[in-house]
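The values are calculated or read from the model by the stated rules, or taken from the named source; none is laboratory data. Because the structure is a prediction, the values reported are computed rather than measured. Note: ideal-geometry Cβ built from the backbone for every residue, glycine included; neighbour counts use all protein chains shown.
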C-alpha cells in the first residue's frame, strides 16, 4: 500500500506537507479519516489494534503539519 503520508495528503487535499511542521498547519483531517487510513495501513504498522494504528497515523499527520480534528 502507499505510504501514510500519501493518504494524509489526499485526505487533506494537499500537494505536500508543511515546510515547517510543528509551527505551521497546512491542512486538517478528521478522526474518521485517520481511522480509515489506519485500517488501510494496519498490516504494515506495528500496532495491535485500530486505536494504536490511529495514533501512529496521527503522529505522521502532526509531523507533516496536518491537524487532526
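Screening residue 22 with (1) at positive phi; (2) in contact with a strand residue (DSSP E or B) (Cβ under 6 Å, 6 or more places away or on another chain) gives one miss only, at (2). Pull up region 9-25, narrow it to residues that are under 14 Å from the mean Cα position of the chain (by Cα) and not in a loop (DSSP other than H, G, I, E, B), then point me to the one that is modelled with the lowest pLDDT. So, considering only residues that are under 14 Å from the mean Cα position of the chain (by Cα) and not in a loop (DSSP other than H, G, I, E, B), the one modelled with the lowest pLDDT is 21.
Can you tell me which of 43, 67 is more than 8 Å from the chain's Cα centre (by Cα), modelled with pLDDT under 95 and either surrounded by 16 or more Cβ atoms within 10 Å (Cβ to Cβ) or not in a loop (DSSP other than H, G, I, E, B) (or both)? Give the derivation first.
Working: 67 fails: modelled with pLDDT under 95.
Testing whether each residue is more than 8 Å from the chain's Cα centre (by Cα), modelled with pLDDT under 95 and either surrounded by 16 or more Cβ atoms within 10 Å (Cβ to Cβ) or not in a loop (DSSP other than H, G, I, E, B) (or both) leaves just 43.
Among the residues that make up region 21-32, is at least one of them farther than 13 Å from residue 66 by Cβ and out of contact with any helix residue (DSSP H, G or I) (no Cβ under 6 Å at 6 or more places or on another chain)? Looking for residues that are farther than 13 Å from residue 66 by Cβ and out of contact with any helix residue (DSSP H, G or I) (no Cβ under 6 Å at 6 or more places or on another chain), one finds at least one in region 21-32, hence yes. The set of residues from region 46-63 being in contact with a helix residue (DSSP H, G or I) (Cβ under 8 Å, 6 or more places away or on another chain) and either surrounded by 18 or more Cβ atoms within 10 Å (Cβ to Cβ) or not in a loop (DSSP other than H, G, I, E, B) (or both) comprises 50, 53, 54, 56, 57, 58, 60, 61.
Does residue 28 meet the test of being part of a strand (DSSP E or B) and either surrounded by fewer than 12 Cβ atoms within 10 Å (Cβ to Cβ) or in contact with a strand residue (DSSP E or B) (Cβ under 7 Å, 6 or more places away or on another chain) (or both)? Steps first, answer last, please.
Working: part of a strand (DSSP E or B): yes; either surrounded by fewer than 12 Cβ atoms within 10 Å (Cβ to Cβ) or in contact with a strand residue (DSSP E or B) (Cβ under 7 Å, 6 or more places away or on another chain) (or both): yes.
In short, yes.
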